[in-house]
Amino acid sequence: MSSPMDREKARESDAPGRSRCELDENLDILRRVPAFSSIPIERLKLYAYLSKRLHYRAGEFVFRQGEFGNLGYVVICGKAQVIRELKEHSIFLNEFQEGDFFGGLALLADAPWLFSVRAVEDLDCLTIDRETFQKLFVQFPEAGIKMLNIMVRRLVQMEEKLLQAGAEECMVG
C-alpha cells in the first residue's frame, strides 16, 4: 500500500503545466479563506503559485487518524467527513465543504492526525505544504494567529462531540 505522501504526489498538478487561469482561481480561493485573507495580495499570490490541487474520489480517505502529514487543505468543491475511528465504530465529528480549511495542525508541527477525513463525494482540494506555510508564517504572523483561532475553535467543537458520544456510551439505563 502506498503512503499518503505517495498518493498526494501522484495526484498533484504539474506546476510548469498550470495555466494562468488556474493560478488566478487558486488566488481567489485563498482570498476567501479567513485564515489566509489577511495576507497581502503579493504574498498570497506566492501561496497560490506554490499550492497544489488534489482530487479524491467519493469514499477515499484524504488522510487517516494516526498518520503523519505535512499539508493543509482548502476544499475547492465536494464534501468530506471528519471522523474519529474507535475500535468498534467511528464517530462523525464534522463535515467540510467548499471554502473550508482543514489540516492546519500539520502546517505547524509534525504530529499524527487526531482524526480521519474521508471524501463523501468527489472532492477537490487546494493544498499548501508545511515548509511553504512556515516561511510565509514568519513574515505574516497575523495569518498564523487567525489560523490558530480557527483550529482551536474547531478542535473544541470536535472534542465536545467526542465527549458527548463517550457519555452516551457510558450511560446505564
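Loop-located trypsin sites (Lys or Arg not before Pro) in region 64-105 (DSSP state not H, G, I, E or B) with no more than 10 neighbouring Cβ atoms inside 10 Å: LYS87.
Can you order the peptides 114-120, 90-96 by their average number of other Cβ atoms within 10 Å per residue, highest first?
Working: 114-120: 19.3, 90-96: 16.6.
In decreasing order of mean packing, 114-120, 90-96 become 114-120, 90-96.
Couplings for region 84-100, taken from phi via the Karplus curve 6.51 cos²θ - 1.76 cosθ + 1.60 with θ = phi - 60°, read 9, 8, 10, 4, 9, 6, 10, 10, 6, 10, 6, 9, 10, 9, 3, x, 6 Hz in order; Gly and Pro are left as x.
By other beta-carbon atoms within 10 Å, ranking GLU88, GLU22 with the fewest at the front produces GLU88, GLU22.
Put in line by how crowded their Cβ is, counting other Cβ atoms within 10 Å and starting with the fewest, HIS55, HIS89 read HIS89, HIS55.
Computed over neighbours whose Cβ is under 15 Å from that of GLU121, the net charge equals -3, Lys and Arg +1, Asp and Glu -1. Among ASP24, ASP129, the order by Cβ neighbours within 10 angstrom, fewest to most, reads ASP24, ASP129. Pairs with C-alpha atoms separated by more than 25 Å, drawn from the list LYS79/LYS161; LYS135/LYS161; LYS52/LYS161; LYS87/LYS161; LYS52/LYS146; LYS45/LYS161, are LYS135/LYS161; LYS52/LYS161; LYS45/LYS161.
Read-outs throughout are calculated quantities, based only on the coordinates presented, and are distinct from any laboratory measurement. As the structure is a computational prediction, the values presented were derived from the model and not from experiment. Because the Cβ atoms are built from the backbone with ideal geometry, glycine has one as well, and the counts that use them run over all protein chains shown.
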